[in-house]
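Engineer: My structure is below; once you've seen it, I'll send some questions.
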């Protein structure tokens, strides 16, 4: 077979056709060591696989002494409550008191330990400032770190994004509140008498176009929108 010369795992399928060259159960596209069956992950990217590496996250603390061996941000948890000491100190918790992991100082129905896991603030009931408590968002399948509404105003019109998409109201002299079909819009911004939104297709603008302000040029991966 001129298309194959090597079969690392001796499974009868050459490496060019084999999706798991070393036969370790981890596909090559997810394996940091696709030709070494003893390794598949290299957390700190230092060229030594985690199985052989004594400091997986490369934070200078040996795994044997690191409470978070795969996270270089943290290394100690004095009270053993699964909350890193530096996290507790930064958020007004006691790194020597394990009981505060179950506290809910912001009354959002999430414990401090749950807040740590979700990435929300243990001291702010509504981490994304959308008026919906973090605990309620979690319980209802929403993201407590992403506001569930977006609102912006132009000179004489207002637009908002919600679960149903985009809606605008107010002055519509030049069609600035006539929202076109949008695909999963994530941002909206109102200008003088035109409006722009960011959706899966890129930037979409409508309304006044006397100076070409609604003619969107070719853009590559736009991340924000502001019509001025």
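Engineer: Take the alpha carbon gyration tensor of the stretch 113-228, find the square roots of its eigenvalues, order them as a ≥ b ≥ c, and report rounded if a/c is under 1.5; if not, report prolate when a/b exceeds b/c, else oblate.
Structural biologist: Taking the square roots of the gyration eigenvalues as a ≥ b ≥ c, the stretch 113-228 is prolate.
Engineer: For the chain, what does the helix formula give at 222 nm: sum of -39500 (n - 2.57) over DSSP H segments with n ≥ 4, over the residue count, nearest 500 deg cm²/dmol?
Structural biologist: Working: 3 runs with 19 residues, N = 228.
The helix contribution divided over the chain gives -2000 deg cm²/dmol.
Engineer: Sorted by packing (mean other beta-carbon atoms within 10 Å per residue), highest first, where do 101-114, 3-16 land?
Structural biologist: The densest-packed peptide leads the list: 101-114, 3-16.
Engineer: What order do you get for 67-74, 118-125 when each peptide is scored by the mean count of other beta carbon atoms within 10 Å, highest first?
Structural biologist: Peptide ranking by packing, descending: 118-125, 67-74.
Engineer: Is the C-alpha gyration tensor of the stretch 21-142 telling us rounded, prolate or oblate? Criteria: a/c under 1.5 is rounded; beyond that, a/b larger than b/c is prolate, otherwise oblate.
Structural biologist: On the way: a/c = 3.43, a/b = 1.76, b/c = 1.96.
Oblate, because a/c is 1.5 or more while a/b does not exceed b/c.
Engineer: Suppose R0 equals 41 Å; then what is the FRET efficiency for residue 4 and residue 97 from their Cβ-Cβ distance, rounded to the nearest 0.05?
Structural biologist: 0.10
Engineer: If I model a spin label at residue 67 and residue 143 as a point 7 Å from the Cα along the Cα→Cβ vector, what separation in nanometres do I get?
Structural biologist: 2.9
Engineer: In addition: Please give the direction-averaged projected area of the C-alpha convex hull for the stretch 150-207, in square nanometres with one decimal. Show your work: numbers first, answer last.
Structural biologist: Numbers: hull surface 12.5 nm².
Result: a mean projected hull area of 3.1 nm².
Engineer: Kirkwood hydrodynamic radius for the chain: how many Å is it when counted over pairs of different Cα atoms? Walk me through the numbers before you get to the answer.
Structural biologist: Numbers: mean 1/r = 0.0443 Å⁻¹.
Kirkwood hydrodynamic radius for the chain: 22.6 Å.
Engineer: If you don't mind, there's one more thing I want to ask. Could you estimate the translational diffusion coefficient of the stretch 89-142 from the Stokes-Einstein equation, with Rh from the Kirkwood formula over C-alpha pairs, at 20 °C and 1.002 mPa s, in whole µm²/s?
Structural biologist: Diffusion coefficient, whole number: 191 µm²/s.
Engineer: In addition: Please compute the length gained on full extension between residue 28 and residue 172, using 0.36 nm multiplied by the number of residues separating them and subtracting their Cα-Cα distance. Each step should come with its number before you reach the end.
Structural biologist: Details: separation 144, 0.36 × 144 = 51.84 nm, distance 5.58 nm.
That works out to 46.3 nm of additional length.
Engineer: Follow-up question, since we're still on this one. Per residue and in Å³, how big is the convex hull formed by the alpha-carbon atoms of the stretch 1-88?
Structural biologist: Convex hull of Cα atoms, per residue: 103 Å³.
Engineer: What does the highest-first list of 51-64, 189-202 look like by mean Cβ count within 10 Å? If you can, show how the numbers build up before the last one.
Structural biologist: Numbers: 51-64: 15.3, 189-202: 20.6.
Averaged packing, sorted descending, gives the order 189-202, 51-64.
Engineer: Taking Cα centroids, how far is the stretch 102-133 from the stretch 20-39 in Å?
Structural biologist: When both Cα centres are located, 39 Å separates them.
Computed from the coordinates by the stated procedures, all read-outs in this text should not be read as laboratory data. Here the structure is a predicted model, which is why all the values come from computation and not from measurement. Glycine gets a Cβ as well: all are built from the backbone with ideal geometry, and neighbour counts include every protein chain shown.
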